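As structure tokens, the structure follows; a few thoughts come after it.
The values are calculated or read from the model by the stated rules, or taken from the named source; none is laboratory data. Since this is a predicted model, take the numbers as computed values, not measurements. Cβ coordinates were reconstructed from backbone atoms using ideal geometry, including for glycine residues, and neighbour counts include every protein chain displayed.
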Amino acid sequence: MSSGSQILSPSNRVRIVVASSVALTFISFWRAAAIVLNDLGSSAYYVGGIAEDAFGRSAPWFILGVMLFSFAVRAVYVESCSMFVRGGVYRVVKEALGGTLAKLSVSALMFDYILTGPISGVSAGQYIAGLVNELISKADAHGWVPPRMHALFHGTPHLNVNAAAVVICLAVTLYYWWENIKGIEESSDKALRVMQITTVMVVLLLGWAVVTVMKIGADLPPWPTPANLHFSETSLGFLKHTSLAHTFGLFGILMAFGHSVLAMSGEETLAQVNREIAHPKLKNLKRAAIIVAIYSFLFTGIGTLLAVMIIPQRVPIVNYENNLLAELVMWFSGPLLLRLLFRTFVVVVGFLILSGAINTSIIGSNGVLNRVSEDGVLTDWFRKPQKKYGTSYRIVNLVVGLQVITILLSRGDVNVLGEAYAFGVIWSFTFNSLAMLVLRFKYKGERGWKVPPNLQIFGKEIPLGLLSVFMVLLTTALVNLATKEVATVSGIIFSAAFFGIFTISERVNTRKFKHVEKEMKEHFQLLHEERIEREAVGIRPDCTIVTVRDYNTLLQLRWVLQHTDTAEYDVVVLAARLTGPGSGEVDLSTEQIFSDHEQTLFTKCVSIAESYGKHISLMVVPARDVFSAIVQTANSLGAARVVAGLSTKMTSEEQAFRMGQAWEAAPPPKHQFVFQVVKPGPEVQSFRIGPHNPDLTTEDVMLVHRLWLDARRQAGTEDLHHHDIVTLALTRLASDYSRDRQSVLKELRGTADGPIGKTPARVGPSGTPLPKPITATPPTEPKPQ
Amino acid sequence: MKLMDQVLQIVARVFVFLFLAGVIGSMIVVIISFVEDLELLVESDDEPSVDAAGTRA
């Protein structure tokens, strides 16, 4: 592509249709709530210990207060989601507050995301190591530990809890690093299942705690008055040398609130899942939000309250600060074995929920950084896809690298991590609420819902509710700057580093964007569409969609062009731009930058088409899931077939299976198409996606015919047709299947092991193998079916 | 140092005032939105929605 060439006339330029809406599969509000709770609920495991360590036994009241206040923060997020401002955190804040604060806001959000992993992983490690030590000490009490072990450890054998926590956290982080390099998808199924198990644990935990309180009697924690606040030297931060350290009065309430604000970390996930929530969106978003609020109030708030009530005051906080829920279980009334078993259950659930939060943090950071890169604030060097898996591996490496450094620096101390984490949490909330407040005056577009109450004074609306939430967040954030030394220093260094990277990247990108824009205009005609509609984008029915990702492997495009008469049928080259959950709330917009990789990809596609003397259409769709995006585009265009190259990470059968799953999940109207995978050779394997006539073998057809012939000889069968034989056979099979599913399945499996099983197993929409390939080799003159 | 302390005390009072005013306002937000959302949670949809399995009903 020569930058010095003349701009071609629009008719000569290849058109790229850029869809601006993300192709999503929608989820119920229960699933949305489960995803948010996986992040939000994890803080129940560590916030109680951190807050109690910071200012004493009145901590549960402040955590309850924070959980109540999180209802109001939730309202701000609901209003932000109900607005139709295009863009992620960066674009929304930029629109309200300008570029500098927008970059700071994203930096704070990144700090929040990156610390979510280490704090969750280290906390999970602390719970596991704590359980192991407890089991060893109980075994030792029974004399089950050999004396040699005693000699080795100079007493009861035990794990160094902090060191074990670091090792466990590193292991889980590195596991999810590899999963993310390979391109793991965040599954709402998994989130829902984890939350179902967590709910069982929460019900048992709270129920048993209440029974214990009724049985042994327990006092409420000290009331949240200044006199009952006992700040440790660390929790006074920069204030320890001032008079406020001794005469804080009501200011102490504000300081204690700041130390408890960690309890609502994860609330920001609500904005991420918003785009995926099913219709009616706002209603379901609010439903998900209230479920999240009630659940976390009970789990984190009431759970911590009961823990402080039940664990005797004589037990030093240092014994259980990082194992609050586990320690609580050990003070329940009941047999020791049962308590140990339940503690194990609590730890297993904790591991599931906390390790899930590590994955969420990597996925979320990846999504946010991908998004800011698309917005031109981070150079597209970071977005270069991994050669084999197509993931933005440089961003994943950066995020996990920072997390590993954080884990090692923390030395397994949850308190240090918690203190730093609070910086990211509170500042990202503060920036968001400030942006929403400013947008109340600046943004005049559609808004589904507003945070109440709103006063009308002289025809002007005063957003009293929004202002109140902002005042609480801002004062808390500012006080935390003074009381949290580690958070302030590390947060400022981190944010400044990211701010610097963003600022330099933006300058580089501004220059580059002008150049790219010019080059794109020279060779491509960009057409932005909200959604792909066949008529609107001028594609004829029964087109062929060719999916492309890597410009080094475009065999499928060559094959299609070789075998398709483009004068009769359109060939649409489709590139899905993956957007992570962190950018799930956003769309592609006109200003977004095409990366070098995308430009090369499109240029190569056009060159190939030109070498065949054929015309192609290019299309870019943002997608959370590639297969959903392909199926939705195929449905919108009425495509007859979709052609893809062989995936580097799955077989053609698995590709077809995933395509079938996406087809099943796609909203109606939808129609059948043929999915073809072009392998090197070239060898082509075809699958039918959607309901279709089965491919009957000659033997099957003959059997139907023989049965029909035989039945036809009998009296009263004059009107019998071949399809009646098939209908009867199927009806009988369905009846047998409902009566004795296992034996039918056994027979079906036996059939699949027979002659059919010898051919590569191919997969239909519901995951069932198809009898044999439709096309074993490339057709001489393929016509879209 | 003494002056610094006095400034801090004044700033602390301003912060406490803003914080408490914000807390009162936020509690109003919580009450209104909680009641509103709770009604939504129990009310049925007029239009087809998506069930827990993710398929449209």
Problem set entry | Filter result for A:Ala497 (modelled with pLDDT under 90 and within 30 Å of the chain's Cα centre (by Cα)) | no
For this session: Write out, first by first residue and then by second, each pair whose Cβ atoms fall under 6 Å of each other, whose residues are 6+ apart or on separate chains, and whose first residue, in the stretch A:486-509, is among the charged types (D, E, K, R) while the second is modelled with pLDDT under 90.
Result: A:Glu506/A:Val377
Exercise. Quick check: is even one residue across the stretch A:433-440 away from chain B (no Cβ under 14 Å) and at positive phi?
Worked result: no
Exercise. Do we have B:Val35 as touching a Gly at 6+ places or on another chain (Cβ under 6 Å) and without any contact (Cβ under 8 Å) to a residue 40 or more places away in the chain here?
Worked result: no
For this session: Tell me which of these A:Val203 doesn't satisfy, since it passes every other one: (1) touching a helix residue (DSSP H, G or I) at 6+ places or on another chain (Cβ under 9 Å); (2) more than 14 Å from chain B (Cβ to nearest Cβ); (3) surrounded by fewer than 16 Cβ atoms within 10 Å (Cβ to Cβ).
Result: (1)
Exercise. For A:Tyr90, are the conditions met, namely being within 14 Å of chain B (Cβ to nearest Cβ), out of contact with any strand residue (DSSP E or B) (no Cβ under 8 Å at 6 or more places or on another chain) and of a type in the set (Phe, Trp, Tyr)?
Worked result: no
Exercise. Where in the stretch A:99-204 are there helices (runs of 4 or more DSSP H), lying wholly inside it, with at least 1 residues that are hydroxyl-bearing (Ser, Thr, Tyr) and out of contact with any strand residue (DSSP E or B) (no Cβ under 9 Å at 6 or more places or on another chain)?
Worked result: A:99-141, A:161-182
Seminar exercise, completed: For the stretch A:442-466, the count of residues that are in a helix (DSSP H, G or I) and either surrounded by fewer than 17 Cβ atoms within 10 Å (Cβ to Cβ) or more than 14 Å from chain B (Cβ to nearest Cβ) (or both) equals 2
Problem set entry | Options A:Gly412, A:Gly418, A:Gly424: the member that is closer than 30 Å to A:Asn160 by Cα, modelled with pLDDT of 90 or more, crowded, with 24+ Cβ neighbours inside 10 Å and not polar (S, T, N, Q) | A:Gly412
For this session: Go through A:Val678, A:Val704 for me and flag whichever is surrounded by 15 or more Cβ atoms within 10 Å (Cβ to Cβ) and either over 30 Å from A:Glu533 (Cβ atoms) or outside the structural domain of A:Gln655 (by TED's automatic domain parsing) (or both).
Result: A:Val704
Exercise. Hey, among the residues in the stretch A:578-622 that are surrounded by fewer than 22 Cβ atoms within 10 Å (Cβ to Cβ) and charged (D, E, K, R), which one's modelled with the lowest pLDDT?
Worked result: A:Asp587
Problem set entry | Selection count where residues are surrounded by 15 or more Cβ atoms within 10 Å (Cβ to Cβ) and free of Cβ contacts under 8 Å to residues at least 40 places away in the same chain, scope the stretch A:660-671 | 1
Exercise. Does the stretch A:213-234 contain at least one residue that is touching an Asp or Glu at 6+ places or on another chain (Cβ under 8 Å), within 14 Å of chain B (Cβ to nearest Cβ), part of a helix (DSSP H, G or I) and surrounded by fewer than 20 Cβ atoms within 10 Å (Cβ to Cβ)?
Worked result: no
Exercise. Would you say A:Thr430 is under 26 Å from A:Thr234 (Cβ atoms), in the same structural domain as A:Met67 (by TED's automatic domain parsing) and under 26 Å from the mean Cα position of the chain (by Cα)?
Worked result: yes
Problem set entry | Search result, residues across the stretch A:396-409 that are β-branched (Val, Ile, Thr) and surrounded by fewer than 23 Cβ atoms within 10 Å (Cβ to Cβ) | A:Val404, A:Ile405
Exercise. Can you tell me which residues in the stretch B:32-45 are facing chain A (nearest Cβ under 9 Å) and at pLDDT 85 or above?
Worked result: B:Ile32, B:Ser33, B:Phe34, B:Glu36, B:Asp37, B:Leu38
Seminar exercise, completed: So, first residue farther than 14 Å from B:Gly22 by Cα in the stretch A:454-466, second residue of a type in the set (Val, Ile, Thr), Cβ within less than 7 Å, six or more apart or across chains; the pairs are A:Asn454/A:Ile462; A:Leu455/A:Ile462
For this session: Among the helices (runs of 4 or more DSSP H) lying completely within the stretch A:666-780, list those that include at least 2 residues that are over 37 Å from the mean Cα position of the chain (by Cα) and modelled with pLDDT of 90 or more.
Result: A:698-712, A:722-739
Problem set entry | Options A:Leu369, A:Leu337; residue that is without any contact (Cβ under 8 Å) to a residue 40 or more places away in the chain, assigned by TED's automatic domain parsing to the domain that holds A:Lys182 and over 22 Å from A:Lys190 (Cβ atoms) | A:Leu337
Exercise. With (1) within 11 Å of another protein chain (Cβ to nearest Cβ); (2) at pLDDT below 90 as the list, and A:Arg507 as the residue in question, which single condition is left unmet?
Worked result: (1)
Exercise. Any chance the stretch A:636-647 includes a residue that's part of a helix (DSSP H, G or I), buried (at least 22 other Cβ atoms within 10 Å of the Cβ) and either of a type in the set (Val, Ile, Thr) or in contact with a strand residue (DSSP E or B) (Cβ under 8 Å, 6 or more places away or on another chain) (or both)?
Worked result: yes
Exercise. Counting only residues that are at the interface with another protein chain (Cβ under 7 Å from one of its Cβ atoms) and over 15 Å from A:Phe470 (Cβ atoms), which one in the stretch B:10-29 is surrounded by the fewest Cβ atoms within 10 Å (Cβ to Cβ)?
Worked result: B:Val16
Exercise. Take the residues of the stretch A:250-288 that are in a loop (DSSP other than H, G, I, E, B) and more than 8 Å from chain B (Cβ to nearest Cβ): which is modelled with the highest pLDDT?
Worked result: A:Ser265
For this session: Provide a single number: the residues in the stretch B:8-46 that are of a type in the set (Asp, Glu) and closer than 23 Å to A:Ala256 by Cβ.
Result: 0
Exercise. Are any of the residues in the stretch A:390-412 polar (S, T, N, Q), away from chain B (no Cβ under 14 Å) and part of a loop (DSSP other than H, G, I, E, B)?
Worked result: yes
